[in-house]
Amino acid sequence: MKKIMGYKRYIIIGAVVLIVFLALIFGLRSCGVSHKSPEGVARSLIKAYANGNQKKIKDCYGAKKDTEESLQKEIDATIRYFDAHNLKDVEIKECDVLSENDKYTYVYVTYDMQLENSQSYPCINTYMTDKEDGRYYILSSSKVTDDMRKQAASDYAKFMTTNTYKNYVKEYETFTKKNPGYEDKIAGKLS
């Protein structure tokens, strides 16, 4: 009987160790940047900006230690923009592909900035992504060509006719009516 009790104890201890080990593995994996899809890297970028995590932001762009100056300026400006809102959190609502071809994938992300006053500021961003060695990365502005910009403008015009975009506009207008001068306040923080 003592042997059986001893085995049960080892089985329970082993199960607890296994559960903790799996929780750590899955927990650490979810804390990183997702390069598996264009949508995953776009979601990761928004979360990284909200947290001001330069390392993860640069990872989303595939930038190494020596980040090109124009990209670093873009990153710094976007972090300042997110900071100006005094966020508590960011809630990603939708993220999907607008267009795709052999050179890039164009994605959109709609999300709410959860503000300190418990309000949600609706936002929308679009990104060009590129696939390199099976991993997706956000293209920096300097890597987006004029032809890509023209195609993106056409794709975005189509996107503006969708319910996703119309819902965003409705939520944005509701927020600005409830909070007159909010954007001027943010602009003042950035200047």
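Quick notes
- Scanning region 36-77 for residues that are open to solvent by less than 40 Å² (accessible area, probe 1.4 Å), of a type in the set (Ser, Thr, Tyr) and over 24 Å from residue 115 (Cα atoms), we see that the one that is farthest from the chain's Cα centre (by Cα) is 67.
- Looking across region 88-104, the residues that are touching an Asp or Glu at 6+ places or on another chain (Cβ under 8 Å), of a type outside the set (Gly, Ala, Ser) and assigned to a strand (DSSP E or B) come down to 88, 90, 91, 93, 95, 96, 97, 98.
- Pairs with Cβ under 9 Å, 6+ apart, first in region 103-120 and at pLDDT below 90, second surrounded by fewer than 20 Cβ atoms within 10 Å (Cβ to Cβ) and not in a loop (DSSP other than H, G, I, E, B): 103/130; 103/148; 116/87; 116/88; 118/88
- Cβ-Cβ under 8 Å pairs, at least 6 apart or on other chains, region 162-191 side at negative phi, far side assigned to a loop (DSSP other than H, G, I, E, B) and open to solvent by less than 90 Å² (accessible area, probe 1.4 Å): 175/119; 178/119; 179/119; 186/85
The values are calculated or read from the model by the stated rules, or taken from the named source; none is laboratory data. Because the structure is predicted, anything quoted here is derived from the model rather than measured. All Cβ positions, even for glycine, are placed from backbone atoms using ideal geometry, and neighbour counts span all protein chains on display. Please note that ligands, DNA and RNA were not included when accessible areas were found on the heavy atoms of the full protein model with its side chains. Shrake-Rupley method; radii C 1.70, N 1.55, O 1.52, S 1.80 Å.
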